[in-house]
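Below is one structure, written out as structure tokens, with a few remarks after it.
The values are calculated or read from the model by the stated rules, or taken from the named source; none is laboratory data. Everything quoted here is computed from the prediction, not taken from an experiment. Positions of Cβ are backbone-derived with ideal geometry, glycine not excepted, and every protein chain shown enters the neighbour counts.
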Amino acid sequence: MPQTIILDKIRRLILLKTGIKTISPSDCRSISSLIQKETQKNISETTLKRLFGFAEVKNKFSKYTINALLEYIEKNGNYTLMERELLHQTGISEKFSSIQSNATDISLNTLKAIKSRSTVPYHYTSPRFFARLDFEYFYDSHYSFTAFVSQAGYGKSILLSHLVQSLFLDQNAKYSKDTILFVSARDIFDDQNEYSNVENRIKAKIGLNTRTNLITYFKERHEKSGSKLVIVIDGFSDLVTNKVSKPIIFDKLINLISFVEDESSIKIVFAMRSTMWSRFYDQIKNMSFVKRKWFPGTYFSLKHQSNIPPLATEEVEEILKKIDPNRSKEIDASFKAKLKYPFYIQWYYLLKEEFPNFDFFTNILSFEIVDRFIHEKIYNASYATEKVLFCKKLIQLSDYGKGQQAVQKSLFIADLSNFKNAYMELLAEGILMEEKQQEDGFVVDLVRFVHPHVFEYFLFVELLHTANNQMNASFFEAVNDQYAGKATKFQILQWSARLLIIKGEFNALNSLLKLNLSNYEKTYLIYFIAENLNYRQRKQPLLSAYLEEEELHQMMMENIIHFDFADSCYKDAVSSLLSISRNDKYSYIYQVILAIYDCFSFDKEQLKQRIRTMQSLSFKGEDFVINPLDILKSIYAALAGECYKNDVLNAEIEAFKQGNKISGSNAETIPDFKEMLSFILLRLHNSFIGNRGEAVRLLNAMVCYFPKMMFSDSIASAYLFSMMAFIRASAHLENEQKGLTEKISVKIFHIHSIGNSTPYIQTIYLSSKAYEAKNSRDYNTAIICAEKCLETYKRNHLSLHQTLMYNLLIDIYEEMDNYEKKNEYMHQKLSLIDQKKVDASIFHNIK
């Protein structure tokens, strides 16, 4: 009997005796101990690893080894079972039902092994819709074989298991009458150094007599009942391959494909990593008789050597709902885009398992996953030093990310000879990939990182190394200047912020935030920092003390003073800062900002809850121009239709308008964040309880308190000018003091051109242009501007502003005698009233 068949039986019986369902390299040590204990014979752990395919097989196993293993199987075991498995090779039942049953049992065991190995619970995974369509086409076609090819971590095994389960094994499966043999490559290629016959290995697996021709047997079955044999091979990456064994494996696979020829009764499906497929394809590309039998699949890309596309948005959503069914908030869009790559899913799941309340929504998730992935696959793996050096060399050859990210492989020739094993593992693990490109008529081999985020990580590491590991103002400014306009710039800054928090170098965060960034970038960076602080305090308890310090929150407030209410990220950033605040003063301020959002969105219940929370804080609004709680209570009463009388508040607001509330000389200053918040609150109060004339008085008072705002290019000035434009236009005052109207327009345009404006300020200004156009009877322009503003306000749930635009559009269409459109917007306005469940008088009194 061939040794390969005996070894196959021995492997199965050892697993049967030990009760191990899915063997791993660590099990070999315990099996070695059991053999020593029961037989007093020494079979080393390494020998067992060779037996089970975890180590390279250079020579045949000795008779001593085989006899010792047989003795262990017989010892205190079921000899009858062993005898039936090993000795009764004659008289094998070739009854088709038995053969089909054997194949199904093997397939179920393979399926069970994949499910138990899955890093994400199998029921969370997604059956790939494209794979089913591709397979069904292949099944009915003239092609003999197809391969699912991708980089490591794309879920090839899971993909195959879902196909086998749904199409062959499930009740009422489409191809249930077929014989499905789902096997691991190790089961039929584990003697990779021997040119054995794969056909015989398959026949031995399913219980078909060695003298029976596999093709003839299943051809006859196909002619009688239409039944086919479908061989699905997974796990080529588990084979120990080298320059000797790999060509043998490829030859065996080519022989199997050639053996099947054009016989439609047998179909072969397998999965391979891109690197292995690339070398296999190099062997078959000139074999026309083999290549013409290959179905490449719908998504095959020769450049990337892959035919498995990223997960579709619907597939990602389906998986996320399974992992976190109670998730109420949207995950960051950029991170969700990364979840299209299945290997990200497993790390996201592990984070959720480690931190069940891991409820962060910036791309902090992405950074944590990349960090864990790199540490497992590079820093904590074999050849770690060589792998890191190779990755850093790739960054250097890309001109530190300023040139092409793909580098010619020829530039690595010297390094390849030194780091060959490290390089091959980087390819196998899906960290690096090779691709081909034509240059001047020649095919050039290129090397690049598979995933951009891994490139960005090593780019950050290398830049930090060149700066002597000093993250200071000079380092950040160099990054900001040298990578201006590149997506990598912001990623480097985020890696910097993350490392500063881990190292506890909080003072350097101030240098990072002082960079000349857009308001959106600064907001998102603060959001990212806040979520990192929140996450890190769970791992670094000493961090909690820093969260109580006023210095941190003072720094954050100075950089988040732009109050961009048309940016959902802004609200999330403030909410995240509130979640880490251990300082009542700043918790109060964050609550005030969020309360403004509540007022804008007509969320009276949330506003009510926030007022209660603010009342429980030790800080009571000192240093504010007017107590925010009094203003918020008044607005809540208006939203709820309740009577609220506060003579003190009314007197303070009147005193503000008369110029009696802010003392001291402010001629050379602009308002700080508390003064700006007070002004926004006063304007908000005026929108609910007041008139446009009083709004003009508020603006004039603010200018009197801080005259420098009229000449400054600050965010505060941009807000003031946009509000002046809006109030003057809505009160039909734009034709009075035309010089002021022109100055406002020029000033807003200038501030926007230098990047000191925000989408909210720009939308408020556009609203003023809608009013101006309506006042001058340019209705088409007015409608275009108003509808564009309405779109922004709806997207950001700014119901107060929506109402103002509805009122404007209703007036426009009434003047145009277009009652159909007027009624349409009237209906939308009434629907908003019903949805928000606020007092109806609000929609008539808002200004």
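Identify all residues within the range 93-118 that are in a helix (DSSP H, G or I) and polar (S, T, N, Q); write none if there are none.
Answer for the range 93-118, where residues must be in a helix (DSSP H, G or I) and polar (S, T, N, Q): 97, 98, 100, 101, 102, 104, 107, 109, 110, 116.
From the set of residues in the range 627-680 that are within 30 Å of residue 834 (Cα to Cα) and hydroxyl-bearing (Ser, Thr, Tyr), which is modelled with the lowest pLDDT?
Applying the filter and picking the extreme gives 644.
What do you reckon, is residue 595 within 32 Å of the chain's Cα centre (by Cα) and surrounded by 23 or more Cβ atoms within 10 Å (Cβ to Cβ)?
Values: within 32 Å of the chain's Cα centre (by Cα): yes; surrounded by 23 or more Cβ atoms within 10 Å (Cβ to Cβ): yes.
Yes.
Which one of the conditions (1) at pLDDT below 85; (2) acidic (Asp, Glu); (3) not in a helix (DSSP H, G or I) does residue 551 fail to meet, given that it meets all the rest?
(3)
Across the range 49-83, which residue is modelled with the lowest pLDDT among those that are closer than 22 Å to residue 187 by Cβ and exposed (fewer than 11 other Cβ atoms within 10 Å of the Cβ)?
Per the stated criteria, the residue is 58.
Can you name every residue in the range 595-633 that is among the hydrophobic types (A, V, I, L, M, F, W, C) and more than 21 Å from residue 689 (Cβ to Cβ)? Before the answer, list the steps.
First, pick out the residues of the range 595-633 that are among the hydrophobic types (A, V, I, L, M, F, W, C): 595-596, 599-600, 602, 607, 611, 614, 617, 619, 624-626, 629, 631-632.
Those that are among the hydrophobic types (A, V, I, L, M, F, W, C) and more than 21 Å from residue 689 (Cβ to Cβ): 617, 619.
Identify, please: which residue in the range 387-409 is assigned to a loop (DSSP other than H, G, I, E, B) and of a type in the set (D, E, K, R) and is, among those, modelled with the lowest pLDDT? Steps first, please.
Taking the range 387-409 as the starting set, the residues that turn out to be assigned to a loop (DSSP other than H, G, I, E, B) are 398-406.
Keeping just the survivors that are of a type in the set (D, E, K, R) gives 399, 402.
Values: 399: 89, 402: 86.
If we take residues in the range 387-409 being assigned to a loop (DSSP other than H, G, I, E, B) and of a type in the set (D, E, K, R), then 402 is modelled with the lowest pLDDT.
Mind checking which pairs have a first residue in the range 276-290 that is over 16 Å from residue 243 (Cα atoms) and a second that is loosely packed, with under 14 Cβ neighbours inside 10 Å and not hydrophobic (A, V, I, L, M, F, W, C), Cβ under 8 Å, 6 or more apart or different chains?
Once the first residue is over 16 Å from residue 243 (Cα atoms) and sits in the range 276-290, its partners that are loosely packed, with under 14 Cβ neighbours inside 10 Å and not hydrophobic (A, V, I, L, M, F, W, C) give 284/291; 285/291; 289/258; 290/258.
State all residues of the range 11-40 that are of a type outside the set (Ser, Thr, Tyr) and not in a helix (DSSP H, G or I); if no residue qualifies, say none.
Let us first name the residues in the range 11-40 that are of a type outside the set (Ser, Thr, Tyr), namely 11-17, 19-21, 23, 25, 27-29, 31, 34-38, 40.
Listed by number, the residues that qualify are 19, 20, 21, 23, 25, 40.
If a residue has to be within 25 Å of residue 557 (Cβ to Cβ) and without any contact (Cβ under 8 Å) to a residue 12 or more places away in the chain to count, how many in the range 458-488 make the cut?
0
Taking the options 415, 445, name whichever one is assigned to a strand (DSSP E or B) and either within 23 Å of residue 272 (Cα to Cα) or over 29 Å from the mean Cα position of the chain (by Cα) (or both).
Values: 415 fails: assigned to a strand (DSSP E or B).
Every option except 445 fails the conditions.
Based on what the data block shows, is residue 821 within 44 Å of the chain's Cα centre (by Cα), at pLDDT below 95 and more than 25 Å from residue 684 (Cα to Cα)?
Numbers: within 44 Å of the chain's Cα centre (by Cα): yes; at pLDDT below 95: yes; more than 25 Å from residue 684 (Cα to Cα): yes.
So residue 821 fits the description; yes.
Restrict the check to the range 388-409 and report whether at least one residue is hydroxyl-bearing (Ser, Thr, Tyr), in contact (Cβ under 8 Å) with a residue 12 or more places away in the chain and either loosely packed, with under 15 Cβ neighbours inside 10 Å or closer than 15 Å to residue 275 by Cβ (or both).
no
Given 500, 543, which one is over 26 Å from the mean Cα position of the chain (by Cα), more than 20 Å from residue 569 (Cα to Cα) and buried (at least 17 other Cβ atoms within 10 Å of the Cβ)? Before you say what the answer is, go through the steps one by one.
Working: 500 fails: over 26 Å from the mean Cα position of the chain (by Cα).
Within the list 500, 543, the selection yields 543.
Within the range 764-781, track down each residue that is assigned to a helix (DSSP H, G or I) and either over 28 Å from residue 597 (Cβ atoms) or charged (D, E, K, R) (or both).
Here is the first cut: in the range 764-781, the ones assigned to a helix (DSSP H, G or I) are 764-775, 779-781.
769, 772, 773, 774, 775, 779, 780, 781 - these are the residues of the range 764-781 that are assigned to a helix (DSSP H, G or I) and either over 28 Å from residue 597 (Cβ atoms) or charged (D, E, K, R) (or both).
Right, residue 427: assigned to a helix (DSSP H, G or I), touching a strand residue (DSSP E or B) at 6+ places or on another chain (Cβ under 8 Å), modelled with pLDDT of 90 or more and hydrophobic (A, V, I, L, M, F, W, C) or not? Before the answer, list the steps.
Numbers: assigned to a helix (DSSP H, G or I): yes; touching a strand residue (DSSP E or B) at 6+ places or on another chain (Cβ under 8 Å): yes; modelled with pLDDT of 90 or more: no; hydrophobic (A, V, I, L, M, F, W, C): yes.
It is false that residue 427 is assigned to a helix (DSSP H, G or I), touching a strand residue (DSSP E or B) at 6+ places or on another chain (Cβ under 8 Å), modelled with pLDDT of 90 or more and hydrophobic (A, V, I, L, M, F, W, C).
Go through 130, 218, 148, 182 for me and flag whichever is farther than 27 Å from residue 275 by Cβ, of a type in the set (A, V, I, L, M, F, W, C) and not in a loop (DSSP other than H, G, I, E, B). It would help to see each step written out before you state the result.
Values: 130 fails: farther than 27 Å from residue 275 by Cβ; 148 fails: farther than 27 Å from residue 275 by Cβ; 182 fails: farther than 27 Å from residue 275 by Cβ.
Unique residue meeting the criteria: 218.
Please enumerate the residues belonging to the range 232-285 that are buried (at least 22 other Cβ atoms within 10 Å of the Cβ), modelled with pLDDT under 90 and not in a helix (DSSP H, G or I).
Hit for the range 232-285 is 235, nothing else.
Which number in (1) surrounded by 15 or more Cβ atoms within 10 Å (Cβ to Cβ); (2) more than 24 Å from the chain's Cα centre (by Cα); (3) outside any helix (DSSP H, G or I) marks the one condition that residue 470 misses?
So the condition that residue 470 fails would be (1).
Are any residues in the range 573-590 farther than 14 Å from residue 533 by Cα and either surrounded by fewer than 22 Cβ atoms within 10 Å (Cβ to Cβ) or hydroxyl-bearing (Ser, Thr, Tyr) (or both), and if so, which ones? Give the steps one after another, and end with the answer.
Let us first name the residues in the range 573-590 that are farther than 14 Å from residue 533 by Cα, namely 583-590.
Correct list: 583, 584, 585, 586, 587, 588, 590.
Do we have any residue at all in the range 799-807 that's in a loop (DSSP other than H, G, I, E, B) and among the polar types (S, T, N, Q)? Full working, then the answer.
Taking the range 799-807 and keeping what is in a loop (DSSP other than H, G, I, E, B), we get none.
For the range 799-807, residues in a loop (DSSP other than H, G, I, E, B) and among the polar types (S, T, N, Q): absent.
Every residue in the range 99-120 that is surrounded by fewer than 17 Cβ atoms within 10 Å (Cβ to Cβ), under 33 Å from the mean Cα position of the chain (by Cα) and modelled with pLDDT of 90 or more, please.
Within the range 99-120, 108, 112 qualify.
Yes/no per residue for (1) crowded, with 21+ Cβ neighbours inside 10 Å; (2) under 23 Å from the mean Cα position of the chain (by Cα):
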{"site": "459", "(1), (2)": "yes, yes"}
{"site": "513", "(1), (2)": "no, no"}
{"site": "524", "(1), (2)": "yes, yes"}
{"site": "552", "(1), (2)": "yes, no"}
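Out of curiosity, is residue 524 touching a residue at least 40 places away in the same chain (Cβ under 8 Å) and touching a Cys at 6+ places or on another chain (Cβ under 7 Å)? Full working, then the answer.
Numbers: touching a residue at least 40 places away in the same chain (Cβ under 8 Å): yes; touching a Cys at 6+ places or on another chain (Cβ under 7 Å): yes.
In short, yes.
Within the range 41-64, how many residues turn out to be touching a Pro at 6+ places or on another chain (Cβ under 9 Å) and outside any helix (DSSP H, G or I)?
3
Does the range 689-704 contain any residue that is in contact with a Leu (Cβ under 8 Å, 6 or more places away or on another chain) and of a type in the set (Gly, Ala, Ser)? Give the steps one after another, and end with the answer.
First, pick out the residues of the range 689-704 that are in contact with a Leu (Cβ under 8 Å, 6 or more places away or on another chain): 696, 698-699, 702-703.
With of a type in the set (Gly, Ala, Ser) added as a condition, the list becomes none.
Scanning the range 689-704 turns up no residue that is in contact with a Leu (Cβ under 8 Å, 6 or more places away or on another chain) and of a type in the set (Gly, Ala, Ser).
Do the conditions hold for residue 157, that is, is it part of a helix (DSSP H, G or I), within 30 Å of residue 344 (Cα to Cα) and at pLDDT below 85? Let's see the steps before the verdict.
Working: part of a helix (DSSP H, G or I): yes; within 30 Å of residue 344 (Cα to Cα): yes; at pLDDT below 85: no.
When the stated conditions are applied, residue 157 does not pass them.
Test each condition in (1) assigned to a helix (DSSP H, G or I); (2) modelled with pLDDT of 85 or more for residue 545 and report the one that comes out false.
(2)
Working carefully through the options 225, 264, 237, find the one that is assigned by TED's automatic domain parsing to the domain that holds residue 105 and either in contact with a Ser or Thr (Cβ under 7 Å, 6 or more places away or on another chain) or closer than 29 Å to residue 59 by Cα (or both).
On the way: 225 fails: either in contact with a Ser or Thr (Cβ under 7 Å, 6 or more places away or on another chain) or closer than 29 Å to residue 59 by Cα (or both); 264 fails: either in contact with a Ser or Thr (Cβ under 7 Å, 6 or more places away or on another chain) or closer than 29 Å to residue 59 by Cα (or both).
Of the residues listed, the single one that is assigned by TED's automatic domain parsing to the domain that holds residue 105 and either in contact with a Ser or Thr (Cβ under 7 Å, 6 or more places away or on another chain) or closer than 29 Å to residue 59 by Cα (or both) is 237.
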